[in-house]
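Report on the following structure.
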Amino acid sequence: MKCGVVDIGSNTIRLSIYHCEGRSFKLLLNKKEMAGLAGYVKGGVLSSDGIQVACRVLEGFQALLANFGITELRVFATASLRNIANTEEALEAIRQATGIRAEVLSGAEEARLSFLGASLGGGAPTGLMADVGGGSTELVSYEDGHVTSSCSLPVGSLSLFSRYVDGLFPTAEERRRIRAAVEAELDKAAPLDVRHRHLVGVGGTFRAARKLCNDLSGVDPDNPVIPAGEIRGLYRKLKKGDKTTLRQILKSTPDRVHTILPGLVVLHCILKRYQVETVSVSACGVREGYLFDRVLRNRD
């Protein structure tokens, strides 16, 4: 059985196609569209233009699946539709235009499914998981493979860029304001305020940081484990915002040229707050967690 899973995020809309047998699955294809839905939110409302962007992307994904003869499609949204005032209006517009009934995940459910997906990809049995997306950041503390506490913070790489940055790269003052906003949200996550030597990273910001760190270090681009010091060093290097910075980002992660620095501020705050020493970037995340939980768990 083949199944498509779409994640409507604040920065990207992603389609993953899986071949499933029983409770196991294999990724066949990943397709990403840089929709930037957070940029269409004004006064807490996702504009009609933003809704139309989402509909066009979903229609394109439907056509792709039809070409492959794949009929099963599951669609969910995270902070992109969760953190707006017109969620129901947007869902209904998507349903009318595409026939898709998208599910909006709560922050707690997104954290749970991100952790489930990361767990399917293996990793350390005890530590902290962070999923830094375009519109929110999920944190899960776990011990011996079991969740001990979790939370969802309303800060992400694109939402922070849209709120605080006027140019392409944040200025020193804009970085200070972003950092203050992230730290204020972390202060509310008091149950997680303990030391975690190891962190499992999920989401586009972590993948971009891994690629940049590996490129700068000259190691295998797919190397998943990065010392926290390398990420902090990457942030210090890129926050200069000069031509060298721009060239490096355009070389390694061109689609994140405007969001990588706000995302790195989030990473920097998390690493410092929890005294993280090593970071492993998971190949699996919320889409895999959603697939397993919603599609495969109850199948024979």
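The values are calculated or read from the model by the stated rules, or taken from the named source; none is laboratory data. Model, not experiment: these values are computed from the prediction. Virtual Cβ from ideal backbone geometry, glycine too; neighbours counted across all protein chains shown. Note: accessible area is taken over every heavy atom of the protein model, side chains too, but ligands, DNA and RNA are not part of it. Shrake-Rupley method; radii C 1.70, N 1.55, O 1.52, S 1.80 Å.
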- Message: As an exercise, take the mean of 1/r over every pair of distinct alpha carbons in the stretch 20-81, invert it, and state the Kirkwood radius in angstroms.
- Response: 13.8
- For the chain, what proportion of DSSP beta bridges, expressed in % and rounded to the nearest 5, is antiparallel? 70
- Message: Taking all protein chains in place and a 1.4 Å probe, what share, in percent, of the accessible surface of the stretch 56-191 do carbon and sulfur account for?
- Response: 49
- Total charge dipole magnitude, the stretch 159-232, about the Cα centre, Cβ charges on Lys, Arg, Asp, Glu only, Debye to nearest 20: 120
- Message: Can you give the log10 of the normalised intensity I(q)/I(0) at q = 0.13, 0.14, 0.20 Å⁻¹, computed with Debye over equal Cα scatterers of the stretch 45-133?
- Response: -0.55, -0.63, -1.00
- Item | Backbone HN-Hα couplings from phi across the stretch 64-72 [Karplus 6.51/-1.76/1.60, Hz, Gly and Pro as x] | 4, 5, 4, 5, 8, x, 9, 9, 8
- Taking the convex hull of the Cα atoms, report for the stretch 222-300 its projected area averaged over all directions, in nm². 7.2
- Of all DSSP beta bridges with both partners in the stretch 124-214, the antiparallel percent, nearest 5, is 75
- Neighbours of N223 by Cβ distance under 11 Å: Lys/Arg at +1, Asp/Glu at -1, summed charge -2
- Counting only heavy atoms of protein chains, what accessible area per residue, in Å², does the stretch 7-57 have with a probe of 1.4 Å? 47
- Message: If N is the number of residues in the stretch 80-129, what value comes out of its Cα radius of gyration divided by 2.2 N^0.38 Å?
- Response: 1.57
- Query: So what's the convex hull volume per residue for the Cα atoms of the chain, in Å³?
  - Reply: 128
- Message: Explain nothing, just the number: dipole magnitude of the chain about its Cα centre with +1 on each Lys and Arg Cβ and -1 on each Asp and Glu Cβ, in debye rounded to the nearest 20.
- Response: 780
- Query: If ligands, DNA and RNA are left out, what is the accessible area of R112 with a 1.4 Å probe, given in Å² to the nearest 10?
  - Reply: 100
- Query: Hey, what does the equivalent ellipsoid look like for the stretch 150-226, semi-axes from the Cα gyration tensor as sqrt of 5 times each eigenvalue, largest first, whole Å?
  - Reply: 24, 20, 10
- Which whole-Hz ³J(HN,Hα) couplings does the stretch 43-56 yield from phi under the Karplus relation 6.51 cos²θ - 1.76 cosθ + 1.60, θ = phi - 60°, glycine and proline marked x? x, x, 10, 7, 5, 4, 4, x, 4, 5, 4, 4, 5, 5
- Just how much of V286 is accessible, in Å², when a 1.4 Å probe is used and the result is rounded to the nearest 10? 10
- Message: Can you compute the helix-only [θ] at 222 nm over the chain? Use -39500 (n - 2.57) per DSSP H run of at least 4 residues, normalise by all residues, nearest 500 deg cm²/dmol.
- Response: -13500 deg cm²/dmol
- Message: With an 8 Å Cα cut-off and a minimum separation of 6 or more residues, compute the relative contact order for the chain in percent.
- Response: 20
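Would you mind counting up the charge near I17? Only other residues with Cβ under 14 Å from its Cβ, with Lys and Arg at +1 and Asp and Glu at -1. Provide the component values of the computation, followed by the final result.
Working: positive: K2, R14, K26, K31, K32, R74, R287; negative: D7, E72, E288.
In short, +4.
At R0 = 35 Å, how high is the FRET efficiency between A66 and L246 if r is their beta carbon distance? Nearest 0.05 is fine.
Computed FRET efficiency for A66 and L246 comes out at 0.30.
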- What area, in nm² and to one decimal, does the C-alpha convex hull of the stretch 12-168 cast on average over all directions? 10.6
- Computed over the stretch 1-95: relative contact order in percent, which uses C-alpha pairs under 8 Å that are six or more apart: 33
- Query: By how many nm would the segment from E92 to R23 grow when fully extended, if each residue of separation counts as 0.36 nm and the alpha-carbon distance is taken off?
  - Reply: 21.7 nm
- Provide the solvent-accessible area of K243, counting protein heavy atoms only and rolling a 1.4 Å probe, rounded to the nearest 10 Å². 150
- Taking only protein heavy atoms and a 1.4 Å probe, the highest-to-lowest accessible-area order of K211, K42 is K42, K211
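At 20 °C and 1.002 mPa s, grab the translational diffusion coefficient of the stretch 165-300 from Stokes-Einstein with a Kirkwood Rh over Cα pairs, rounded to a whole number in µm² per second.
On the way: Rh = 16.1 Å.
Once the numbers are plugged in, D ends up at 133 µm²/s.
Could you give the C-alpha radius of gyration of the stretch 188-246 expressed as a fraction of 2.2 N^0.38 Å, taking N as the number of residues it contains? Provide the component values of the computation, followed by the final result.
Numbers: Rg = 13.5 Å, N = 59, 2.2 N^0.38 = 10.4 Å.
Taking the Cα Rg and dividing by 2.2 N^0.38 Å, one obtains 1.30.
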